Amino acid sequence: MQILQNPPLFSFPTKTLPKPYNPQNRSSTPRLLPWRSLTGTLTLPGNFAVKSFSSDEFPVDETFLEKFGPKDKETEDEARAHNWIDRGWAPWEEILTPEADFARKSLNEGEEVPLQSPEAIEAFKMLNPKYRQKKMEESGLSEDEYYAKQFEIKGEIPEPLETVWDGPLVVRHVPPRDWPPMGWEVDKKELEFIREAHKLQAMRVDLGELERARRDTEDLSLERYKVFLKQYNEWVAANKDRLEEESYKYDQDYYPGRRKRGKDYQEGMYELPFYYPGQICAGKVTTLHLYQGAFVDIGGVHEGWVPIKGNDWYWIRHHIKVGMHVIVEILAKRDPYRFRFPIEMRFVDPNIDHLIFNRFEFPPIFHRDEDTNLDELRRDCGRPPVPRKDPGIKVEEQPLLSNHPYVDKLWQIHVAEQMIVDDMEANPDKYKDKKLSELTDDDDFNEENSVEYTKAYYKKTLLPKMILKTSVKELDLEAAFTERELHNKLRSEAIERGERYKITKLRRNIEMDEYDLIHWRRSVEEREALIRDISCRRALGLPLEEPGRYVDDSYFGKDQYDPSNPLYRYDYWGEPKNSEKSRQQRMTDAHNKSIVGRGNVWYEMSYEDAIKEQTQREARSKGVFQKEADEEDANRDRDEEDEDDSDDDFDYSILDDSSVNFSNQPVVNGTESSRISDEGVFEN
């Protein structure tokens, strides 16, 4: 019995529906029942054979579309409310991105994992705001108290750190060693008086006498420090506004540790020259930053930076908190234009040095717009150079330069002058009553658009053409015209004498040669200085190159980006056509590789080598054929018994010995297969 499959559902417009099929027109076809809706059952007589209809005689019921259409006429808003609110379904629950869909289905193989522990069930319930409010009311806590309780540190709180002192902390008032700042002039006698304090610092002090720290400062000699403070205040008064302007110019964005300015700046804040490495300061922690560290206000325009990063905060969080008073030591003072945090410090009390494991390799820096040379920037910041491949070029062996860059411009000016002078000789009326120095450009000369690229025909070939525009103001037309008149006069005199006049060099040619000579001399001097430098370095045993600048190729691995390679250029679209293999060659190569055996292509070796190899193969294979002929008679009887196993007729022994070659092997598309033969395959 054949089963009538449900046809695919097509919706036709009512106007173009064909009339129902009338079986009375075809007497040979059995009578068919009318086409019913899909929900009904189709009863067929027992001897009925289903036949396929062409599309134009398919039985269609006109009432089908009416029955199939939507039953209730509800609006889109009603349907949305019906689906979203009554059934509790919303589109954001079902219309997922492929990632979200995968994530939901991959949870426990597509099933939601039921919450097991009471803590998990309680946490899930607390996501509901009503339940959370109810819990707050039950506990009698306000909202702030409840959240403070939620976020308080759970677990063991370690004991507060106690700094152990080996001896009393000596706080000295010593002027900085790098005073005065660069470019600031001070009184030389005062400066000499200030710097005697550093000599006194070198005196040894017996620590045994320092059991009791002195607290009275009446008889201390602070004269040198007072002189320093006088000079420092003069410098601040002169440079304060300039430093604030530079801060607004370079540091628009706020970051912790930035220079205080505007309403944050207060009179009496210490500038950078006041501080020096080794100075002990008391301060207050203002900011804790997860990736950069702690920032301490020590009374200066810049906050001090204590480098702490990453996981170290896990151990330090209990001991360093915002607002606590600390004692710090300045480790380094840096240039605020280049370095993000100019003052680097460490905590002296509480001492947390033993809890810091992740050190900053280098202090953070700014990359300014003016930084074009990356190597120079890294050298200024005390960082190693960018490693690169050794180009293998010895500068001292390079040829000397003698092509001055200005010579191209000079040639352009020279050509323009000669063209104008030629035009003057051809059309003297055009320049009549005009001074050459007063000639002006036809259009306003623009340096940016001085080069124009077009195309021009030369002997029926369209070639690229470059037009160089030159301003008349750059030309020395009077000198060129005077020179032309002189040469004309000399030429006429030579013709009168019956001689041939030849111009060897014009004024501009001599000027170009002079420029090239200057360039060559400079190149020679640079070469001599370089050789002298290399000789001195070798004599002293110093490295010839900056250490770390050039590294071995193995440092980069096998396939590494090479900016000089055209493969990595943004507009690279493959090699030019003449260097690529043709499609026929590629197909030949692919075919040769696909054949069993070595697949030597005929054009890979010369004709003599091919003939020689063929004779060697024939000589080697003669002995093999003789041996096979003897074995063939012995195996014939055994083969007749095994006629049923016709699949095993192939002799695989010829594949065992790699040295065996056959002279009559198949040659396919100029390719010989050296390991397999058709011997014995087509016998039957």
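So, in Å, what gap is there between the alpha-carbon centers of the range 352-374 and the range 540-562?
Between the Cα centre of the range 352-374 and that of the range 540-562, the gap is 23 Å.
Give the separation of the Cα centroids, the range 405-427 to the range 463-500, in Å.
8 Å
Using a 1.4 angstrom probe and counting only protein chains, how large is the accessible area of HIS173 in Å², to 10?
110 Å²
Within 14 Å, Cβ to Cβ, of ILE495, how many net charges do the neighbouring residues add up to if Lys/Arg are +1 and Asp/Glu are -1? Don't jump to the answer; show the numbers that get you there.
Working: positive: LYS489, ARG491, ARG497, ARG500, LYS502; negative: GLU493, GLU496, GLU499.
Once all neighbours under 14 Å are counted, the net charge is +2.
Once the whole set of protein chains is in place, how much accessible area is left on SER582, using a 1.4 Å probe, in Å² to the nearest 10?
Solvent-accessible area, nearest 10 Å²: 50 Å².
For THR287, which sequence-distant residues (separation of 5 or more, or a different chain) have an amide H within less than 5 Å of its own amide H, given hydrogens modelled in the peptide plane?
PHE295
Using a simple spin-label model with points 7 Å from Cα along the Cα→Cβ vector, what separation in nm is obtained for PHE151 and ARG537?
With each label point 7 Å from Cα toward Cβ, the separation is 5.8 nm.
Taking the Cβ-Cβ separation of ARG388 and THR440 as r and a Förster radius of 45 Å, what is the calculated FRET efficiency to the nearest 0.05?
Working from the Cβ atoms, E equals 0.30.
In what sequence, largest accessible area first, do PHE481, PHE347 appear using a 1.4 Å probe? Walk me through the intermediate numbers first.
On the way: PHE481 60, PHE347 0 Å².
The most accessible residue leads, giving PHE481, PHE347.
Mind ranking 192-204, 227-239 by how tightly packed they are, going by the mean number of other C-beta atoms within 10 angstrom, highest first?
Sorting 192-204, 227-239 by mean packing, highest first, produces 227-239, 192-204.
Spelling out what I want: for every residue of the range 353-358, take phi, set θ = phi - 60°, compute 6.51 cos²θ - 1.76 cosθ + 1.60 (Karplus), and round to whole Hz; glycine and proline get x.
4, 6, 9, 9, 10, 8
What is the local net charge at ALA479, summed over the other residues whose Cβ is closer than 12 Å to its Cβ (Lys, Arg +1; Asp, Glu -1)?
Neighbour charge sum, excluding ALA479 itself: -3.
The values are calculated or read from the model by the stated rules, or taken from the named source; none is laboratory data. Quantities reported herein were computed from a predicted structural model and do not represent experimental measurements. Virtual Cβ from ideal backbone geometry, glycine too; neighbours counted across all protein chains shown. Note: accessible area is taken over every heavy atom of the protein model, side chains too, but ligands, DNA and RNA are not part of it. Shrake-Rupley method; radii C 1.70, N 1.55, O 1.52, S 1.80 Å.
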